[in-house]
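Have a look at the structure below before the remarks.
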Amino acid sequence: MYIVSSCLCGNPCRYNGSAGQISKYPRVRELLAQGLAVAVCPELLGGLPVPRPPAEITGGTATDVLKGKAKVVNANGVDVTENYTEGARMALELALQAGCNKAILKERSPACGVHRVYDGSFNGTVVPGDGVLAAMLKSHGFQVISDEDL
Ligand code: SF4
């Protein structure tokens, strides 16, 4: 069973209210049709609305965020760390309840990014690193796959 970023399933949950195009992700479509995928949006699970200001990890890595040593801050300077940690915790719980041990997540998101995230400067610079959910799932032994590697 897979946990999948909800926006990759065509749900309009991105910060700007847009969705990924499911037609671009035949593997996700297949898994959903077979009942082998659970769609989650950790940012919404953490209580954030649609639309919302974009947010980036600042002052460390996603693992540091989970340890309380770095933050997630939105473009208005509001600290949304708790939304991200709580959303990741809830997504993990849902994934475990559904028997998932793999994930397909949206690259570059501060929650879902798998190999790359924005660097906290809000100037479009991308650095190697995980999103908060990806880091949490990896630390619980999930195989985490980027949408860009499908
Ligand atoms: S948090 Fe993840 S699932 Fe939600 S919109 Fe961002 S990338 Fe998609």
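If you take the residues of the range 7-43 that are farther than 24 Å from Asp119 by Cβ, among the hydrophobic types (A, V, I, L, M, F, W, C) and within 9 Å of the ligand (Cβ to nearest atom), which of them is modelled with the lowest pLDDT? Only one residue tops the list, namely Ala19. The set of residues from the range 20-52 being buried (at least 22 other Cβ atoms within 10 Å of the Cβ) and part of a strand (DSSP E or B) comprises Ala37, Val40.
The single residue among Gly124, Gly46, Gly60 that is within 23 Å of His140 (Cβ to Cβ) and more than 14 Å from the chain's Cα centre (by Cα) turns out to be Gly60.
Among the residues of the range 6-19, is any buried (at least 17 other Cβ atoms within 10 Å of the Cβ), at negative phi and over 15 Å from the mean Cα position of the chain (by Cα)? Among the residues of the range 6-19, not one is buried (at least 17 other Cβ atoms within 10 Å of the Cβ), at negative phi and over 15 Å from the mean Cα position of the chain (by Cα), which makes the answer no. Residues that are without any contact (Cβ under 8 Å) to a residue 60 or more places away in the chain, buried (at least 18 other Cβ atoms within 10 Å of the Cβ) and assigned to a loop (DSSP other than H, G, I, E, B) within the range 53-110 comprise Ala70, Val80, Glu107, Pro110, listed in sequence order.
The values are calculated or read from the model by the stated rules, or taken from the named source; none is laboratory data. Model, not experiment: these values are computed from the prediction. No Cβ is skipped: glycine too gets one built from the backbone with ideal geometry, and neighbour counts run over all protein chains shown.
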